Amino acid sequence: MAVRVLVSITLAHKNMSSNADKFLEVSSGFPEDALPDHQVYEHPLVKRYATKEMSFVWSPAMKFTTWRKLWIALATAEQELGIDISDEQLEQIGNNIYDIDFAFAGTSSI
C-alpha cells in the first residue's frame, strides 16, 4: 500500500514538472522585435532619469505580456489540478502572448 502511494506521488510530481517546464518554455525571455512601439514607458521623468532597461520593465509591452504569462501559469496549474484544460488550449494562449490590441487594452481600468 505504501509503495503504491509513493508511486502515485512520484508520478504526480513528474507530471507537475512537465507542466512547469511547459510554462517556463512559453514565458522565458522577451523577443527584441516583439511590440517595438510599446517597449518604452512614456513619462517625462523616465526620459530624464531612467535607463532604457528600466523603462522597458514598466512599458506597456512588458505589462501586458506579463499578465498573459500569468494567465498561462494559472491555466497550467488548473490543468495540474484536473480542470479540463487541454495542451492545445495552453499552446494557443502561448502562441498569442505578443498579439496585443493596445487600443482595447488601454480602455481597461486595471
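The values are calculated or read from the model by the stated rules, or taken from the named source; none is laboratory data. What you see is a predicted model; the values in this text were computed from it and never measured. Glycine gets a Cβ as well: all are built from the backbone with ideal geometry, and neighbour counts include every protein chain shown.
Couple of notes before you dig in:
- Boolean, Lys14 is at pLDDT 70 or above, assigned to a helix (DSSP H, G or I) and of a type in the set (Lys, Arg): no
- Which listed residue, of Leu90, Leu74, is free of Cβ contacts under 8 Å to residues at least 24 places away in the same chain, surrounded by 10 or more Cβ atoms within 10 Å (Cβ to Cβ), under 15 Å from the mean Cα position of the chain (by Cα) and over 19 Å from Leu35 (Cβ atoms): Leu74
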